[in-house]
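The values are calculated or read from the model by the stated rules, or taken from the named source; none is laboratory data. Since the structure is predicted, the reported quantities are computational estimates derived from the model, not experimental observations. Note that we place each Cβ from the backbone using ideal geometry, even for glycine, and neighbour counts take in every protein chain shown. These area figures cover heavy atoms from the full protein model, side chains too; ligands, DNA and RNA do not enter into them. Shrake-Rupley method; radii C 1.70, N 1.55, O 1.52, S 1.80 Å.
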Amino acid sequence: MKSYKELPNDAGSNIIGQVTAQADRIQKRLASVKYTVAIMSGKGGVGKSSLTANLATALTLNGNAVGVVDADINGPTLAKMMGVRNATLEYTPAGVKPAMTALGTKLISMDLLLAEDDAPVLWNAYSQKDAFTWRTTMEVGALREFIADTEWGNLDYLLLDLPPGTDRLPNVTELIPNLSGIVVVTIPSEVSQLIVKKSVTMARDILGVPIIGVVENMAFYVCQHCGEKEPLFSADETLDKTLQQLMLGSIPFDPQLSRANDNGTLYLGEHPDAPASKALRQVAEKIQGFFKRSITS
Ligand SMILES: Nc1ncnc2c1ncn2[C@@H]1O[C@H](COP(=O)(O)OP(=O)(O)O)[C@@H](O)[C@H]1O
Ligand SMILES: [Mg+2]
């Protein structure tokens, strides 16, 4: 399939003009954002969204103005995790006002645009079989609009929760060429690390995006009675060396975290002393430290 750049003419649609205009709008919108950070993995179900929601909270609690883009257009979960599923978006001439949590963290998600709980995102094609061909184009388009048309205001951090798939980051860097950095999430299983290493290579060697670091999630469980750490995966599935060097922290499995995600309540507020809360706050500190260091160096 040809890309729009290769078309000899645009059949009057001015597609290049439209895309360029939106790229300009993205640039202008992001002028009021200090750091754009993508949370990614390549792998599904490892905790990208949970980490995004909780890092957004931790960064907000540290006094930062934080916005979140749920870039998982087909499987949006952040509105529920961040407790704003019932929010109604307000449309103003300056753009869409994002939903806001009780703490003041801002969020835009496809979930906020879908009327019914069980409504899947159906792309506008002749049949859903054809929609497959258009999905990537439409996903990038939706993401472009989320970033360009949302009235974010001044933000210290804009976090993007990416869907699984190693091809997702190039789509994002096409929209945000000067992405400030990525946080890569993995679980200790070899299956996850295999895919995650591909994501690291893609980011670092092919796209030249700064890697803030790797977060290991659900590596162990802390017994609530004796405080003993128990691994959740086979004991020899320690983190791969390449990934270990980039480690920002290891978040234990905590059923209370998963419950807070399901209820849309603030885990960090409810269980501030839980080992996973402490680890999440440390990761947030390290992200802040990464940018402080890059300013001074
Ligand atoms: N550290 C954790 N402790 C307990 N549950 C977790 C933890 N991390 C993620 N989960 C749960 O695991 C499931 C998958 O996490 P999610 O953040 O949706 O993954 P992803 O966005 O990578 O697909 C969710 O139900 C979430 O609540
Ligand atoms: Mg997710």
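Karplus-based coupling profile of segment 208-213, in residue order and whole Hz: x, 8, x, 9, 6, x, with θ = phi - 60° in 6.51 cos²θ - 1.76 cosθ + 1.60 and x standing for Gly or Pro.
Phi-derived couplings, Karplus 6.51 cos²θ - 1.76 cosθ + 1.60 at θ = phi - 60°, listed residue by residue for segment 30-36: 7, 5, 9, 10, 6, 10, 9 Hz, with x used for Gly and Pro.
Take Val33: with every protein chain present and a 1.4 Å probe, its accessible area is about 20 Å².
Remark: spin-label model distance Asp149-Asn74 equals 2.2 nm, labels positioned 7 Å along the Cα→Cβ axis. For segment 166-171, putting each phi into the Karplus relation 6.51 cos²θ - 1.76 cosθ + 1.60 with θ = phi - 60° gives couplings of 6, 7, 6, 5, x, 4 Hz, in residue order, rounded to whole numbers and with x for Gly and Pro.
Too long at a 18 Å Cα-Cα cut-off: which of Lys28/Lys292; Lys43/Lys198; Lys43/Lys278? It would help to have the intermediate numbers written out before the result.
On the way: Lys28/Lys292 24 Å; Lys43/Lys198 10 Å; Lys43/Lys278 25 Å.
The answer is Lys28/Lys292; Lys43/Lys278.
Of the solvent-accessible surface of segment 141-232, computed with a 1.4 Å probe and all protein chains present, 51% belongs to carbon and sulfur. Close amide H pairs (under 5 Å, H built 1.01 Å from N) link Leu232 with Phe220, Tyr221, residues at least 5 positions away or on another chain.
Antiparallel versus total DSSP beta bridges in segment 195-297: what percent is that, nearest 5?
Working: 3 of 8 bridges.
Around 40 percent of the beta bridges assigned by DSSP in segment 195-297 are antiparallel ones.
With all protein chains kept in place, the per residue accessible area of the chain amounts to 50 square angstrom at a probe of 1.4 angstrom. Going by accessible surface with a 1.4 Å probe and the largest first, Tyr35, Tyr91 read Tyr91, Tyr35.
Once the chain from Gln224 to Ala31 is taken as fully extended at 0.36 nm per residue, the excess over their C-alpha distance is 64.9 nm. Within the full protein context, the accessible area of Leu194 is estimated at about 100 Å² for a probe radius of 1.4 Å. Of His271, His225, the residue with the largest accessible area leads and the full order is His225, His271 (1.4 Å probe). Summarising the amide proton neighbourhood of Ile251: residues at separation of 5 or more, or on other chains, whose placed amide H is nearer than 5 Å comprise Glu216, Asn217, Met218, Ala219.
Our helix-only sum for the chain, with -39,500 (n - 2.57) per DSSP H run of n ≥ 4 divided by its residues, gives a mean residue ellipticity at 222 nm of -12000 deg cm²/dmol. The largest accessible area among Ser258, Ser250 belongs to the first residue in Ser258, Ser250, and the rest follow in falling order (1.4 Å probe, all chains).
Surface calculation, 1.4 Å probe, protein heavy atoms: Glu270 sits at approximately 100 Å² accessible.
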